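A short reminder: the numbers here are calculations on the coordinates, not readings from a lab. Remember, it's a predicted structure, so these values are computed and weren't measured experimentally. Backbone-built Cβ (ideal geometry, glycine too); neighbour counts: all protein chains shown.
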Amino acid sequence: MPELPEVETVRRGLVPVLEGRVLAKVEQRRPDLRWPIPRGFVKRLTGHRVERLERRAKYLLWHMDDGTVMMLHLGMSGRIQISEKRPATLDKHDHLVFTTDDGTTVRFNDARRFGMVDLATAGTINQHKLLAGLGPEPLGNAFSGPMLAAAFDGRRSPVKAALLDQRVVCGLGNIYVCEALHMSGISPLRLAANVKGKRTERLTTAIRDVLTTAIEAGGSSLRDHQQVNGELGYFQHNFRVYDREDAPCPRDGCSGTVRRIVQSGRSTFYCPSCQR
């Protein structure tokens, strides 16, 4: 599933072609994705201007000029494709097609249909059932060492599981949690309650650094992720531990080997020698 860097990469690619443009035509080519598409979806968006594009966790928020907000989640395999004009033939998985007033076409393609769209308003979007309980953005001002230590206080789950809890901090997924834990030298097996003080400071810094670098690289392309221009992301070439089982640990001075274990049904990659 696309994580924060992949979604942010998509948002940044959409900004130049959507912000300030009117949706001259909106096409809904099926009644549902993961869930039913809201009634009146086409009518509520057609003819309105996209004022700005935001990202909250792994959701893209299209703010329209009448106060409507379209929320889009890419799901497991969804991707956004941009073309200068509407293709003569659409792919069978192009489920939503948006044509702007300058002829640019934006298509949401989702072969597995785990993506979703919903409509809200600017005044209610933060109370949406999918957003209301989310923790702070890891690249925002509210995310800090003391904040993370307070969220971890008393938690008896492993720190990796705590970081994947979107109520603690939003947008993080398996890849970037593994990478940040290695960068900060913290074992994924350590109890969250025992990560405090200098450890949380190192961890918050590592999370910010990993996410920022991944965004600059266009995200990670392991299976389905593409940037809106069709190019792949490149951060997977910079993985320190993720998907590098049995490889030498990249930390200077460490002679350890990357190990793979399973936590809560997900693969965890880490170095037992330098992550404590």
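Extension gain residue 32-residue 66, at 0.36 nm per residue separation less the Cα-Cα distance, in nm? Don't jump to the answer; show the numbers that get you there.
On the way: separation 34, 0.36 × 34 = 12.24 nm, distance 2.44 nm.
Between residue 32 and residue 66, full extension yields an extra 9.8 nm.
Scanning the chain for helices, which whole DSSP H stretches are 24 Å or more long along the axis (Cα) and average 0.0 or more by Kyte-Doolittle?
Working: long enough: 198-216 (27 Å, -0.37).
Helices meeting the criterion: none.
If you place +1 on the Cβ of every Lys and Arg, -1 on the Cβ of every Asp and Glu, and leave all else neutral, what size is the dipole of the chain about its Cα centre, to the nearest 20 Debye?
Numbers: 41 positive and 30 negative charges, 173 e Å.
Approximately 840 debye in magnitude.
Take the alpha carbon gyration tensor of the chain, find the square roots of its eigenvalues, order them as a ≥ b ≥ c, and report rounded if a/c is under 1.5; if not, report prolate when a/b exceeds b/c, else oblate. Don't jump to the answer; show the numbers that get you there.
Details: a/c = 2.42, a/b = 1.81, b/c = 1.34.
In terms of gyration-tensor shape, prolate.
At 10 °C and 1.306 mPa s, grab the translational diffusion coefficient of segment 1-75 from Stokes-Einstein with a Kirkwood Rh over Cα pairs, rounded to a whole number in µm² per second.
It comes out at roughly 122 µm²/s.
For the residue pair residue 24 and residue 196, what label-to-label distance in nm results when each label sits 7 Å from Cα along the Cα-to-beta-carbon direction?
About 6.1 nm, to one decimal.
List every residue whose amide H lies under 5 Å from the amide H of residue 56, counting only residues 5 or more places away in sequence or on a different chain, with H placed 1.01 Å from N in the peptide plane.
Amide H to amide H, under 5 Å and 5 or more residues apart or across chains, residue 56 pairs with 61.
To the nearest 0.05, what FRET efficiency results for residue 254 and residue 216 with a Förster distance of 35 Å applied to their C-beta separation?
Details: r = 26 Å, r/R0 = 0.73.
It comes out at approximately 0.85.
Put a dot 7 Å past each Cα toward the Cβ at residue 189 and residue 12; how far apart are the dots in nm?
Each label point is offset 7 Å from its Cα along the Cβ direction, giving 3.7 nm.
With a ≥ b ≥ c taken as the square roots of the eigenvalues of the C-alpha gyration tensor of segment 64-145, please select rounded if a/c is under 1.5 and otherwise prolate if a/b is larger than b/c or oblate if it is not?
Values: a/c = 2.18, a/b = 1.74, b/c = 1.25.
Note, shape of segment 64-145 comes out prolate.
Which order do peptides 74-80, 116-122, 46-52, 86-92 fall in by mean Cβ count within 10 Å, highest first? Write out the running numbers ahead of the final one.
On the way: 74-80: 21.1, 116-122: 18.1, 46-52: 16.3, 86-92: 10.9.
Listed from highest to lowest mean packing, they are 74-80, 116-122, 46-52, 86-92.
Which one of 149, 88, 26 is farthest out on the positive end of the charge dipole of the chain, using unit charges on Cβ (Lys, Arg +1; Asp, Glu -1) and the Cα centre as origin?
149
Rank 256, 145, 265 by mean-square fluctuation in a GNM of the chain with C-alpha springs under 10 angstrom and give only the top-ranked residue.
So, out of 256, 145, 265, the one fluctuating most is 265.
For residue 245 and residue 52, FRET efficiency with R0 = 35 Å and r from the beta-carbon atoms, rounded to 0.05?
Values: r = 42 Å, r/R0 = 1.20.
In this case the efficiency is close to 0.25.
Find how much the distance from residue 156 to residue 124 grows on full extension, using 0.36 nm per residue of separation minus their present alpha carbon separation; answer in nm with one decimal.
Working: separation 32, 0.36 × 32 = 11.52 nm, distance 3.42 nm.
Computed gain between residue 156 and residue 124 is 8.1 nm.
Could you size up the charge dipole of segment 1-87 around its Cα centre, putting +1 on the beta carbon of Lys and Arg and -1 on that of Asp and Glu, and report it in debye to the nearest 20?
Values: 18 positive and 11 negative charges, 61 e Å.
I would put it at about 300 debye.
Return the subset of 25/92; 43/129; 160/198; 92/129 for which the Cα-Cα distance in this structure is over 26 Å, preserving the input order. Can you show the working numbers first?
Details: 25/92 19 Å; 43/129 23 Å; 160/198 17 Å; 92/129 30 Å.
Flagged as over cut-off: 92/129.
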